[in-house]
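Okay, structure first, notes after.
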Amino acid sequence: MIIYVWPTGKLRCGRLRWPAQTTRCAIGWGGIKADKQEGDGVTPVGAFPLRRVFYRPDRLAKPLTELPVVPLTPHDGWCDTPTHPAYNTWIKRPFSARHERLWRTDSRYDVIVEVGYNDDPVVPHHGSAIFMHNAHPRYRPTAGCVALAQADLLALLRQCNERTKLSIGRRFY
C-alpha cells in the first residue's frame with residue numbers, strides 16, 4: 001500500500017490519502033521540500049518505508065497493525081544531534097546529547113509511526129525524527145512530521161504492513 005501526502009496550498013496543511021480514505025493532515029512549518037536539513041521544519045519529499053509504531057500504553061490500547069509495535073516508556077527519546085553517533089535513532093534517557101522526548105505531556109506522541117527517512121544510511125544534518133503522529137486539534141504545523149487525527153491514524157495503521165510506503169510530495173490522483 002502507498003500512503004500519499006501533498007500540500008493543499010493553505011498554510012502548512014496537507015491531505016493524506018490511502019485506499020480507504022482521504023483526510024486532512026498537518027505538515028512541517030517549512031513546507032514540503034526535497035532538500036531537508038536538521039531543524040528546518042521541512043517535511044521531506046520522497047517515498048519512505050514505515051519502520052515501527054510507538055504508543056503510550058497508559059493512554060490507549062496497542063494499535064492494530066502488521067508493523068512492529070513498541071510501548072513507550074518515560075525514558076524513550078530520539079537523538080537529534082547531527083554529530084552524535086546515535087543521530088536519528090531511538091535512544092533511552094537520560095542521554096548526554098540533544099534529543100527529543102517521546103513521552104510527552106500532550107497527546108501528540110500518543111501514537112508515533114517511525115518513517116524510514118535518513119536512516120539507511122543516516123547522513124548527519126539531513127534531518128531526524130520524521131514521524132507520522134497525532135495532530136494538534138487545530139492542525140498546527142509540525143517540525144517536519146506528518147500529523148493527522150488519532151482516529152484516522154489508528155484506522156490507517158490497521159492497513160499497514162512492512163511493504164507500506166509513505167509518499168510525500170505533489171498532489172496525487
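Rule-based calculations on the coordinates, nothing more; no lab input. All figures in this text were calculated on a predicted structure; none of them were measured in a lab. So basically every Cβ, Gly included, is an ideal-geometry build from the backbone, and we count neighbours across all protein chains shown.
Springs between alpha-carbon pairs under 10 angstrom, Gaussian network model over the chain: which of R17, R104, R51 fluctuates most? The residue with the greatest mean-square fluctuation here is R104. Estimated from helices alone, the mean residue ellipticity of the chain at 222 nm is -1000 deg cm²/dmol (sum of -39500 (n - 2.57) over DSSP H runs with n ≥ 4, per residue).
Comparing R138, R15, R24 in a Gaussian network model of the chain (Cα springs below 10 Å), the most mobile by mean-square fluctuation is R138.
Multiplying the residue separation of T105 and R158 by 0.36 nm and subtracting their alpha-carbon distance yields 16.5 nm. DSSP finds beta bridges in the chain, and of those with both partners inside it, around 70 percent are antiparallel. Taking Cβ atoms as reference points and 14 Å as the exclusive limit, the residues near T73 contribute a net charge of +3, counting Lys and Arg as +1 and Asp and Glu as -1.
Placing a pseudo-label 7 Å from each Cα along the Cα-to-Cβ vector at H125 and R59 gives an inter-label distance of 3.4 nm. Along segment 129-143 the Karplus relation, 6.51 cos²θ - 1.76 cosθ + 1.60 evaluated at θ = phi - 60°, assigns HN-Hα couplings of 6, 8, 10, 9, 8, 5, 7, 4, x, 9, 6, 4, x, 9, 8 Hz to successive residues, with x for each Gly and Pro. Within the straight-line cut-off of under 21 Å between alpha carbons, the lysines reachable from K92 are K62, sequence neighbours fewer than 8 places apart in one chain being disregarded. Projecting the Cα atoms of G31, P82, S128 onto the charge dipole of the chain (Cβ charges, centred on the Cα centre) puts G31 farthest toward the positive pole.
Taking Cα centre as origin and charging only the Cβ of basic (Lys, Arg, +1) and acidic (Asp, Glu, -1) residues, the dipole magnitude of segment 27-173 rounds to 320 debye.
The candidate values were (1) 22, 19, 15; (2) 60, 18, 13; (3) 26, 20, 15; the one computed from these coordinates for semi-axes √(5λ) of the Cα gyration tensor in Å carries the label (1).
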